[in-house]
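As structure tokens, the structure follows; a few thoughts come after it.
The values are calculated or read from the model by the stated rules, or taken from the named source; none is laboratory data. Just so it is clear, the structure is predicted and the values come from calculations on it, not from any experiment. With ideal geometry, Cβ positions are generated from the backbone for all residues, glycine too; neighbour counts draw on all protein chains shown. All accessible areas refer to the heavy atoms of the entire protein, side chains included, with ligands and DNA or RNA removed. Shrake-Rupley method; radii C 1.70, N 1.55, O 1.52, S 1.80 Å.
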Amino acid sequence: FTEVAGCSKPPAECMFKAASDGPVDARLQEFLRSRGFATWFTVTTGPKGSYREQDIIQFLKTHLEERTDGRQWRILLADDFSAHKTKNVFNLCWSRGYILLILGGGSTPVMQTCDTDLNQHVRREYGSQESRCLLERMRDGQAVPKLSDEECMMMMHNVLLDPKLHVLASEGYQKT
């Protein structure tokens, strides 16, 4: 709560459907680096556009703070998804000073603060920005406009920069 109130951003990542470590991934990583995105925002690719164990592990290695003497243990909540529940994921969390708690199947919509107090606001704002952009392109003569992956990244990053979203989401822990 203190970090969010101080305008620190929780980690976020965009995933695109493309070969892992392929040319699309290389292009998106370079875009991320060249634009100087903050370290809390990352991008990855996956062949099905969904996370696998290796993606979860890479995300956690990138974003979980290393455990240091004197730092309190932290709780990390995750939904009931097979890639979250592997021994390797639990071990990595433990080694970084995080206790991984898996929410029971079906309880995510009422217990996971990202779902109860963040995602719908992010979806609404992202959808609004995307719609405005696509409508503008149609007015300019594009018959079937589409955003590039890089434009999607920029748009999501801009949405997630809003500190109000994160303050409201952190308050959701009291409710859930």
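Is it possible to state the helix-based mean residue ellipticity at 222 nm for the chain, with each DSSP H run of 4+ residues giving -39500 (n - 2.57), the sum divided by total residues, to the nearest 500 deg cm²/dmol? What is it? Intermediate values should be presented prior to the final figure.
Details: 9 runs with 91 residues, N = 176.
Value at 222 nm, helices only, nearest 500: -15000 deg cm²/dmol.
Nearest 20 debye, what's the magnitude of the dipole of the chain about its Cα centre given +1 on Lys and Arg Cβ and -1 on Asp and Glu Cβ?
Using Cβ point charges on Lys, Arg, Asp and Glu, the chain gives about 120 debye.
Whole number in Å², please: accessible area per residue of the chain, 1.4 Å probe, ligands, DNA and RNA not counted.
Per residue, the chain has an accessible area of 61 Å².
Once you list every other residue whose beta carbon is under 9 Å from the beta carbon of Leu28, what net charge do they have if Lys and Arg are +1 and Asp and Glu are -1?
So the environment of Leu28 carries a net charge of -3.
Compute the distance from the alpha-carbon center of the range 126-176 to that of the range 33-54, in whole Å.
One Cα centre to the other: 17 Å.
Mind checking which lysines have their C-alpha under 20 Å from Lys61, skipping anything on the same chain fewer than 8 residues away?
Excluding near neighbours in sequence, the set is Lys9, Lys85, Lys87.
Cβ under 11 Å from Gly106's Cβ, Gly106 left aside: what net charge do those residues give with Lys, Arg +1 and Asp, Glu -1? Walk me through the intermediate numbers first.
On the way: positive: none; negative: Asp79, Asp80.
Counting the neighbours of Gly106, the net charge comes to -2.
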